[in-house]
Structure formats: structure tokens, C-alpha cells
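Please read through the structure below; I'll follow up with questions.
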Amino acid sequence: MCSRPFRLLDEQFRDGELCHDCTRWEEDPDWQGFLQKNTSIFLYNDFLKEVMAKYKFRGDYVLAKVFADYFKEVTKGWEADLFVPIPLSEERLYERGFNQAEAILTEAGKMPTDILSRVHTEKQSKKSRLERIHLPQVFQIDSQTNLHGKKVILIDDIYTTGSTLRHAAKLLKQAGADTVWSITLAR
Amino acid sequence: MRFQIKDEKLIPQRFFTEDSYRITQIPEILQPPLNPDFPYSRELQQILAGKQLLLDDIPHPLDEIQSHYENGYITYRKGIDYIGKKPMCMRCGNKDQQLFAIFHCSRCGENCFYCRRCIMMGRISECTPLIGWNGPAPNITLPQKIMAWNGKLSEGQQVASDKVVEAIWQKKEWLVWAVCGAGKTEVLFAGIETALAAYKRICIATPRTDVVLELTPRLKEAFPEIRVASLYGGSTDRHLYAPLTIATTHQLLRFYQAFDAVILDEVDAFPYTVEESLQHAAIQARKPSSAMIYLTATPNEKWQRECRAGKRSFTTIPARFHRHPLPIPEFAWCGNWQKQLQKGRLPANVLRWIKDRLESGKQALVFFPHIPLMEKALPLLRKLDSRIEAVHAEDPERKEKVQKMRAKEVPLLLTTTILERGVTFPNIDVAVVGAEDLIFTESALVQIAGRAGRNKDYPDGVVTFFHFGKTDEMLKARKQIVTMNREGVKRGLIDI
Ligand SMILES: [Zn+2]
Ligand SMILES: [Zn+2]
Ligand SMILES: [Zn+2]
């Protein structure tokens, strides 16, 4: 479900169709069923790591055009009402100059819908998985956009534990969205 | 970041406002007069003197930087400026429109051009100020004795050394054209010493990190009580203010009018296209009135022409420190060696050459133009001696293999041009297989030939270029070596 390439995983890390990570999420009644599907375009390797660093930390915007081509190919045939980029905190956005997820949408010719914003600003990576899961609220929905019956696609740069995407998905579902899928550059 | 203009001053604005501008749009940047009573930060002085940094490079808050600007101690310069309608990067000098890109920028709220050429040093766009220092330079206290080196220069070195001293004093440009093994580093010592004694700031810059790492301990040893900043990607000295700086040419991009003398070592190590940006970096880093010394064993054709035409001031050191002539490469036709290798064979004369070395126990370097063909040759040669190794630039065991060669555990090392310079082994012969390949330029071949006969105990070495058709580059390389030997004899620098 997280699009972890299954053939690379040993039996012992799998529960039937789901990997352990996803099972853990889906067994938790607070979280099951919010994010229906994730697709990651690339597997994180040394080469991608370098390209991602140039894109994210050096801020070479041109790479968004390259990633957008892959994005278009992967999402071909998807029917979606809204594309929602995972937002950066205000400081992070200022530091980077642009939102990397949003840039890919724009370059792929999709209209990004900025309905989410961050509630807290503390660095996520400093927290343990448990802390992140039980964090009361990472995002809030800003606009009055009607989400009822809508199919929403979330976009983020890297899928690590899936907690960011699940927090966003939960919020969108509670606001009336019908389906929430996600797509990330790498995992 | 944006700026408002108020009371003849720039006032930074974090976000878009109607009455603010991006620095690139401001026609003339106002610089407040220096307030001598302002208690300026010594730390900012150390970090910024002679530099051009981005706000993100400086660990101090914007408020503090702004108050230094308002009191005349800090300057804001445009990161991108326009020459007519075309953007130019003021840090790296990029004017190539293809190396600019545009994005919607959250720092200025507009579409913002940025330079892709120097993006590895942090992004410079139309709303990016380059931050510099306008206050007094940090104080330097000099030790009683500046230089600890007391070696002796060869006659050829002495002539060049005197010229370097003179060029530094008279703020001139000077090229030192020293053959491989002449000992060019020592030629700088007297010039550096007198410059330091006069409180001048000196920089030695080179395209390669390897060279920075090799030069740093040598200079620290020669000038033990002088602070030396050693700068390369990831170095910890990046905020260190020092009278003597050793840096990669990339790192020069962070300097602005800093040095009284810039010494550019191995200017030829990168192709001509890179030279332009390198020149830009060097020009930015030196003070408007300063000296520029170029060091090389193999100036490019344009420079050689300028030297011959009297348009470039230069000194040659045509002879090695040990006063023996440079080994002259011999040419040997070896037919279509690539085709033979594809069939699992080496040309007979190449094989003979290698066998002779293995039998007599003389170590050798054998250069190949490309990795795949070298790797085809390796198993063939290992049948003769299983200790034979091959290295190339991306080889993770590169250092270990070179070390094994030094320790004489490897009788023969196959290599790409990666070992053409820098590395020296005391007693080796050298062969090039496929010397006609485009990668073997005049300067590459001179450098390769220069690997042989380096040690005074083993001043001779055989250098053979195996080829499938002689090239101009091969002929020019041989001519350059022969000319240097002749000059060395004429000037009495070679014993015959
Ligand atoms: Zn999964
Ligand atoms: Zn901007
Ligand atoms: Zn640039």
C-alpha cells in the first residue's frame, strides 16, 4: 500500500498484502482507512539522494521540471479533483525559497490547491515515531473549499514513516473528502 | 529578502510589500558612512573581512548585520545584476543565459532569476544580497620569525623566487613555468615571507582539493607560527581569518577584494571553458591593486603563444631540482590496439615493453585513455603477474592501490589520466597505450612524461607513447620537453 517495492521485502516483513509499517497504521483504529494508497516515484538511493539534496537544500528549481515528467507519467489516467501539496512551515518555506512538492505540481501543469498549513513548527525528525503519531495536530485546513465527495491527491517529497501523509489524509477525510491518495518523489 | 529605501539607507523587509524592492532592482546601493564610535562585532569582522557571503552563510541574526550596515561596517551588494537586459551572477561571473533559471520565490514574492552555475555554494537570485565588510581589517600580530624553512633553492628556482618577490612588491602578474619536478612550491616561500612581514594577505588557489590537502601541511611547516586557513568543500576553516589562505578555486568565490597576492597553482588542470569562471573568481578575490602569480608545468597554447610574443611576463625553471634532463618520450606505433584488445590480445611491442619491466623488476605506470579498455587489458596482464592493479577516478580503492605501488607491492599499475599529475613514484618507467586519443592533450602528455625520473638517485626513466597514428599533441609535447632541456643546458642548470 505504501508502494514499497514488494519483491525487495522478505516474507518476514510482510503481512499478506501489507508491509509491517502499513499494517501497524491500518490496525490502529485511530488511523485506519484514511490514506487509501501511496505511490512513490523513486526508491531512495545514493544517486537520488544527491539529486534530492540539490533540489531541496540547494534549491535548484529546474529539477522540478525533470521530476514533473516522471510525475506525469506515473499519474497518467488518475482521476483527481484536487492536488494538495504538503505544506512547509513558514520558516522552512522562506529558507528554501519555494515548496518542492508544489513546484512539481506546477511544472506538471496541475493546479496546486493550498488548503493545508502547518500548526506547529518544531523539527519533525527530532521526534520518535510514537511522538509523531500521537501529535495532536500537524496541519489545519485553511480555506472553505468544499471537499465533499472529492478525490484528493496529496504530494510530498519523501515517504519515511507515512505519518505526515496520514495526518493530512485524516484531516481531509474528516472534512468530507471521499478518497485520499498520495504520491511522493521517493521512499 | 526585499529592501525599503528610507533616509538614504536600505531597510530589509522579510516579505513582499508594495514599497520595497529586490536588491537587483535598486539602481544604486547606498552605503552609510563609517561611524568610528560604533562598537562593532569582532566576530563579524573575522567572518566577513574580504568576503562576499550569503545571509544563510553567516551565523549572526539579520538585526545585527543590519546595524553594522547602518553604521557603515557592512556592505550589501547585488547577487545578480543586469548587463543591459541580461542577468549576470556577480559571484561567479556567469553570463550564460542557459545557466540561469526562474522560479516563484517566497523570499521576495516575485518570479526570481537565479544562477545555476554556482548553486552548490548556495543559491543566488535577484533578491539575494552579497554581504561584505567595510570596516577595518582584523589585527594581525606577527611572530619574531616568520619562516622556518631553511632549505636551499636550485639556481633555476632562485631566479624564479626573486621574480615572485618582485612581482608581489610591484603588484604585477607573473607566470612561473616550471617543469615537473623543478620544485615550484619552494619558489613561493621567499615571496610569501616578505609579503607576510609587510602585513599582506596571501592566497594560494588550485583547482584540486588533493593539492590543497597536500600543500597545507607543507606551508604550515614552513610558516609554523602563521595562521593558515585551508579551504575546500566541507572544510572547518571556512570562517577563519588568516594571513595565509590555501583554497580550491571554487572557494575563491566566497572572497571579495581580500588578497594582496593570489597565487594560482596548476591553472592548466582544468579545460579552457572552466578557465573563464576561474579567472573571474581570482579577479574578484584579489584587491584592485595586487599581485597575481601563476604556477604551471604546462601552460596552454594561448599562454605559450603570449609568452613567445612577449605579451606575458614569465620565468621558466627548465630543469629539475636534481639537474638531470627530463626524459624525452619515444613514439612507438602499435597498430589498432583497441581492436586487438577486443579480441583479447595486446599489441606485441606493448606486451614486450611490459614483460621487460616485469623481468627486470622496474616498476611502471601504464596509461590508458578509457576505463573499459583498461579493464580488458588487466586480466591479460595479470596472467604475467597477478599483483598488477588498475585505477581510475571513481575507484574506491584508489588510495590503497597508489599506496601499494609506493610500497612496491604492485609491479605495474594501469591507470587513466587520474594519475597524470600530483602523484610521484621515485623510480618508474611510463607508457601510454593509445597516445593518439583526444584525451591526451599536449599538457596531459607532458605531465605524464613528467612522472618518470623524479628522484635524484634514479633520474632516468623510459617514457614510451604507443600510438595508432602520431598526433600534433604528441609532437608538441615532445617539442616542449626538448625545448626545456635545451634551455636548461644553455642556462647551465643541467649537468651534462
Ligand atoms: Zn507498506
Ligand atoms: Zn526572490
Ligand atoms: Zn553564479
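Please determine, by comparing only the residues of the range B:125-145 that are more than 10 Å from ligand 2 (Cβ to nearest atom) and in contact with a Gly (Cβ under 9 Å, 6 or more places away or on another chain), which one is farthest from residue A:95 (Cα to Cα). Let's see the steps before the verdict.
Taking the range B:125-145 first, the residues more than 10 Å from ligand 2 (Cβ to nearest atom) are B:129-145.
Filter once more, keeping what is in contact with a Gly (Cβ under 9 Å, 6 or more places away or on another chain): B:129-130, B:132-135, B:137.
Working: B:129: 14, B:130: 16, B:132: 21, B:133: 23, B:134: 27, B:135: 28, B:137: 31 Å.
So, considering only residues that are more than 10 Å from ligand 2 (Cβ to nearest atom) and in contact with a Gly (Cβ under 9 Å, 6 or more places away or on another chain), the one farthest from residue A:95 (Cα to Cα) is B:137.
Enumerate the pairs (first residue in the range B:81-94 and more than 22 Å from residue B:121 (Cα to Cα); second residue anywhere and part of a loop (DSSP other than H, G, I, E, B) and within 8 Å of ligand 3 (Cβ to nearest atom)) with beta-carbon separation below 7 Å, excluding pairs fewer than 6 apart on the same chain, so at least 6 apart or on different chains.
Close Cβ pairs (under 7 Å, with a partner that is part of a loop (DSSP other than H, G, I, E, B) and within 8 Å of ligand 3 (Cβ to nearest atom)) do not exist here.
Scan (1) farther than 17 Å from residue B:255 by Cβ; (2) in contact with a strand residue (DSSP E or B) (Cβ under 9 Å, 6 or more places away or on another chain) for the single condition residue B:53 breaks and write down its number.
So residue B:53 meets the others, but not (1).
Quick check: anything in the range B:148-160 buried (at least 18 other Cβ atoms within 10 Å of the Cβ), over 30 Å from residue B:223 (Cα atoms) and away from chain A (no Cβ under 14 Å)?
no
Going through B:55, B:44 one at a time, which residue ends up being within 14 Å of chain A (Cβ to nearest Cβ), surrounded by 13 or more Cβ atoms within 10 Å (Cβ to Cβ) and not β-branched (Val, Ile, Thr)?
B:55
Still on this structure, please answer the following. Here are some residues: A:37, A:49, A:72, A:54. Which one is free of Cβ contacts under 8 Å to residues at least 24 places away in the same chain, more than 14 Å from chain B (Cβ to nearest Cβ) and basic (Lys, Arg)?
Result of the check over A:37, A:49, A:72, A:54: A:49.
Okay, moving on. Report those strands (runs of 3 or more DSSP E) wholly inside the range B:35-105 carrying at least 1 residues which are more than 20 Å from residue B:9 (Cα to Cα).
Fully inside the range B:35-105 and qualifying: B:80-83, B:86-89, B:100-104.
Restrict the check to the range B:183-196 and report whether at least one residue is of a type in the set (Asp, Glu) and in contact (Cβ under 8 Å) with a residue 24 or more places away in the chain.
yes
With the condition kept exactly as written, say whether any residue in the range B:268-278 is under 15 Å from residue B:201 (Cα atoms), outside any loop (DSSP other than H, G, I, E, B) and at pLDDT below 90.
For the range B:268-278, residues under 15 Å from residue B:201 (Cα atoms), outside any loop (DSSP other than H, G, I, E, B) and at pLDDT below 90: absent.
Can you name the residue in the range B:230-243 that is surrounded by fewer than 20 Cβ atoms within 10 Å (Cβ to Cβ) and not charged (D, E, K, R) and, of all such residues, is farthest from ligand 2 (Cβ to nearest atom)?
Of everything passing the filter in the range B:230-243, B:242 is farthest from ligand 2 (Cβ to nearest atom).
Does the range B:207-224 contain any residue that is in a loop (DSSP other than H, G, I, E, B) and of a type in the set (Phe, Trp, Tyr)?
First, pick out the residues of the range B:207-224 that are in a loop (DSSP other than H, G, I, E, B): B:207-208, B:223-224.
Next, from what is left, pick out any that are of a type in the set (Phe, Trp, Tyr): B:223.
For the range B:207-224, residues in a loop (DSSP other than H, G, I, E, B) and of a type in the set (Phe, Trp, Tyr): present.
Which ones in the range B:1-29 are loosely packed, with under 14 Cβ neighbours inside 10 Å and either of a type in the set (Phe, Trp, Tyr) or in a loop (DSSP other than H, G, I, E, B) (or both)?
If the condition is that a residue be loosely packed, with under 14 Cβ neighbours inside 10 Å and either of a type in the set (Phe, Trp, Tyr) or in a loop (DSSP other than H, G, I, E, B) (or both), then B:7, B:8, B:14, B:15, B:17, B:18, B:19, B:27, B:28 are the ones that fit.
On to the next question. Restricted to the range B:1-17, and to residues that are modelled with pLDDT of 90 or more and among the charged types (D, E, K, R), which residue is nearest to residue B:72 (Cα to Cα)?
Ranking the candidates gives B:9 first.
Residues of the range B:100-121 being surrounded by fewer than 16 Cβ atoms within 10 Å (Cβ to Cβ) and either within 23 Å of the chain's Cα centre (by Cα) or more than 15 Å from ligand 2 (Cβ to nearest atom) (or both), which ones?
Residue satisfying the conditions is B:120 alone.
Only one of these conditions is not met by residue B:2: (1) within 14 Å of chain A (Cβ to nearest Cβ); (2) charged (D, E, K, R); (3) touching a Gly at 6+ places or on another chain (Cβ under 7 Å). Which number is it?
(3)
Each row is one residue, and each column tells you yes or no for (1) of a type in the set (Ser, Thr, Tyr); (2) away from chain A (no Cβ under 14 Å).
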site: B:51; (1), (2): no, yes
site: B:62; (1), (2): no, no
site: B:65; (1), (2): no, yes
site: B:69; (1), (2): yes, yes
site: B:73; (1), (2): yes, yes
site: B:78; (1), (2): no, yes
site: B:81; (1), (2): no, yes
site: B:87; (1), (2): no, yes
site: B:100; (1), (2): no, no
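Considering each of B:167, B:137, B:178, B:148 in turn, give the residue that is within 30 Å of residue B:478 (Cβ to Cβ) and not β-branched (Val, Ile, Thr).
On the way: B:167 fails: within 30 Å of residue B:478 (Cβ to Cβ); B:137 fails: within 30 Å of residue B:478 (Cβ to Cβ); B:148 fails: within 30 Å of residue B:478 (Cβ to Cβ).
Selected residue: B:178, the only one of B:167, B:137, B:178, B:148 that is within 30 Å of residue B:478 (Cβ to Cβ) and not β-branched (Val, Ile, Thr).
Still on this structure, please answer the following. Could you identify the single residue in B:451, B:491, B:486 that is out of contact with any Asp or Glu (no Cβ under 7 Å at 6 or more places or on another chain) and crowded, with 21+ Cβ neighbours inside 10 Å?
B:451
Taking only pairs six or more apart or across chains, which ones have beta-carbon atoms under 6 Å, a first residue in the range B:105-116 that is facing another protein chain (nearest Cβ under 10 Å), and a second residue that is among the acidic types (Asp, Glu)?
B:112/B:126
The rows are residues; the columns are (1) assigned to a loop (DSSP other than H, G, I, E, B); (2) within 14 Å of chain B (Cβ to nearest Cβ); (3) within 16 Å of ligand 2 (Cβ to nearest atom); (4) touching a helix residue (DSSP H, G or I) at 6+ places or on another chain (Cβ under 8 Å).
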position: A:137; (1), (2), (3), (4): yes, no, no, yes
position: A:144; (1), (2), (3), (4): yes, no, no, no
position: A:152; (1), (2), (3), (4): no, no, no, yes
position: A:160; (1), (2), (3), (4): yes, no, no, no
position: A:166; (1), (2), (3), (4): no, no, no, yes
position: A:171; (1), (2), (3), (4): no, no, no, no
position: A:182; (1), (2), (3), (4): no, no, no, yes
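Does residue A:83 satisfy being more than 14 Å from every other protein chain (Cβ to nearest Cβ) and either at pLDDT 85 or above or away from ligand 1 (no atom under 16 Å from the Cβ) (or both)?
yes
Could you count how many residues in the range B:117-130 are more than 10 Å from chain A (Cβ to nearest Cβ) and assigned to a strand (DSSP E or B)?
2
In addition: With the checklist (1) over 36 Å from the mean Cα position of the chain (by Cα); (2) at pLDDT below 95 in hand, flag the one item residue B:28 doesn't pass.
Going through (1) over 36 Å from the mean Cα position of the chain (by Cα); (2) at pLDDT below 95 one by one, residue B:28 breaks only (1).
In the range B:343-378, how many residues are surrounded by fewer than 13 Cβ atoms within 10 Å (Cβ to Cβ) and within 37 Å of the chain's Cα centre (by Cα)?
So the answer is 2.
The values are calculated or read from the model by the stated rules, or taken from the named source; none is laboratory data. Since we're looking at a predicted model, the values are computed, not measured. Don't worry about glycine lacking a Cβ; one is built from the backbone with ideal geometry, like all the others, and counts go over all protein chains shown.
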